[in-house]
Amino acid sequence: MLRGRRLLCALFGTLLATASQPAEAQTYPNKPIRLIVSIAAGSVTDVIMRAAANELHGPLGQPLIIENKGGASGILGGQACAQAAPDGYTFCVIYHSTMSYNPLLFGKLPYDSDKDFAPVARLFMLTEGLFASSNVKANSVAELKALAQSNPDALNFATLGDGSFPDLFREWLNNEWATKIVGVPYKGGGPAAQALAAGEVDITRFGVGNFMGAVESGKAKALAIDAEKRSPLLPNVPTYAEAGLNYPGKGWWGLVAPKGTPPEAIARVSQEIVKLFSDSKFIAFLERQSVVSAPTTPEEFVQFLKEDRKAAESLIRTAKTPKTEYKPH
């Protein structure tokens, strides 16, 4: 009898242990998820991710809490992500500067883009444009070039800081046009658009969605769009190719997690976010923000990151941008 009881207890314990693992997996997530967004509140990416967080609340069963970490060309967001606990409850919205450009432009970064993150999914590609304040006496790229060359250091340019993607474009323009356009740092496309509309800066390059309000109100001018075809939001604005700009860089945003995050958490979040960014209604919403939905699996994102790093290396060589030591402000 005693032996039978022991056998039953052992069998019950085995069944309980076996059953508990799937049950635990099925309960993920069981608390809110923090979503670090490497850009200032009010920028196009922030608007998109807040909409995505609302849509994902239902499928995941938990709210996604947005935490904006803008500034320093995405370095602050990358640092916050690298230092976060890899428990499956922190995911990070990062972009081309974080992963591809910063490692080539800065020494002593507070994160390692190759070692500190687990890729989850690419999310979307940016449709960026070259914009000018209404105060600038140029209504086309050709006129802007002539204006800049007539007084090489008279214009300034809104960036995300030294070495950021907008700043790299500024450096590229200076090399192409033999000018000395000065960079002015902001924490995101939203603040940069406000500065342009207020006449604080002359020109900039960011996602189109940031500037639609300023363009429609007549406080800013769209000079060219970095896309294969004209944007339906700005049908009269030429593409970069039409305007004679052959800039090779392309902006994108994606999702990573701190290295060591449980694979089941990455798989669950990746599955839900790819499903959302593949949904026709959400794609239509993204198009209204002037971005192109481009979700990938974690494995596809890894391969994309390798290719994007190579493109970044080529662009930095062309722009002749030296590597500098990162110094926190």
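Brief remarks on what is shown
- Spin-label proximity, A154 to region 186-214 - amide N less than 15 Å from point 7 Å beyond Cα toward beta carbon: 202-203
- When DSSP beta bridges are restricted to pairs lying wholly in the chain, around 60% turn out antiparallel.
- N139-N30 pseudo-label distance in nm [points 7 Å out on the Cα-to-Cβ vector]: 6.5 nm
- Of K259/K327; K219/K310; K115/K323; K180/K327; K137/K281; K69/K310, those spanning more than 32 Å from alpha-carbon to alpha-carbon: K219/K310; K137/K281
- Overall form of region 128-243 per C-alpha gyration tensor (a/c, 1.5; a/b vs b/c): rounded
- At full extension, K281 and K180 could sit 32.0 nm farther apart than now, given 0.36 nm per residue minus the alpha carbon distance.
- A Förster radius of 35 Å, combined with the Cβ-Cβ distance separating K323 from N246, puts the computed FRET efficiency at roughly 0.90.
- Rounded to the nearest 20 debye, the dipole magnitude of region 128-243 is 240 debye, with +1 charges on Lys and Arg beta carbons, -1 on Asp and Glu beta carbons, and the Cα centre as origin.
- Within the straight-line cut-off of under 17 Å between alpha carbons, the aspartates and glutamates reachable from K229 are E128, E242, E287, sequence neighbours fewer than 8 places apart in one chain being disregarded.
- The H on the amide N of A118, modeled in the peptide plane, is under 5 Å from the matching H of A257, K259, each at least 5 residues off or on a different chain.
- In region 128-243, the DSSP beta bridges split such that about 60 percent are antiparallel, to the nearest 5.
- Distances between placed amide hydrogens fall under 5 Å for F106 paired with T324, all partners being 5 or more residues away or on another chain.
- With R₀ set to 41 Å, the beta-carbon distance separating A311 from A198 gives a calculated FRET efficiency near 0.75.
- Given charges at Cβ of Lys, Arg, Asp, Glu: region 128-243 dipole, positive-most of S164, A178, G207: G207
- At R0 = 41 Å, FRET efficiency that the Cβ-Cβ distance of Q303 and N236 yields, to 0.05: 0.65
- Charge dipole magnitude, Cβ of K and R +1, D and E -1 - the chain, Cα centre, debye nearest 20: 660 debye
- Neighbourhood net charge (12 Å Cβ-Cβ; Lys/Arg +1, Asp/Glu -1) for S140: +1
- For V37, the amide hydrogen comes within under 5 Å of the amide hydrogens of E67, N68, K69, V93, counting only partners 5 or more places away or on other chains and with H modelled in the peptide plane.
- You can think of it this way: the chain between H57 and E216 has 53.9 nm of extra reach, that is 0.36 nm per residue less the Cα-Cα gap.
- Label corresponding to Rg and Dmax of the Cα atoms in Å when calculated from the structure given, among (i) 20.0, 64; (ii) 34.7, 122; (iii) 23.0, 101: (iii)
- Straight-line cross-link partners of K275 among the aspartates and glutamates, defined as a Cα under 12 Å from its Cα and at least 8 positions apart when in the same chain: E55.
- Residue-by-residue Karplus 3J(HN,Hα) for region 116-126, coefficients 6.51, -1.76, 1.60, Hz, glycine and proline x: 9, 10, 10, x, 10, 5, 6, 10, 7, 9, 7
Readers should treat all values here as calculations from the given coordinates under stated rules, not as data from a laboratory. Given the structure is predicted, the values throughout are model-derived calculations rather than measurements. Positions of Cβ are backbone-derived with ideal geometry, glycine not excepted, and every protein chain shown enters the neighbour counts.
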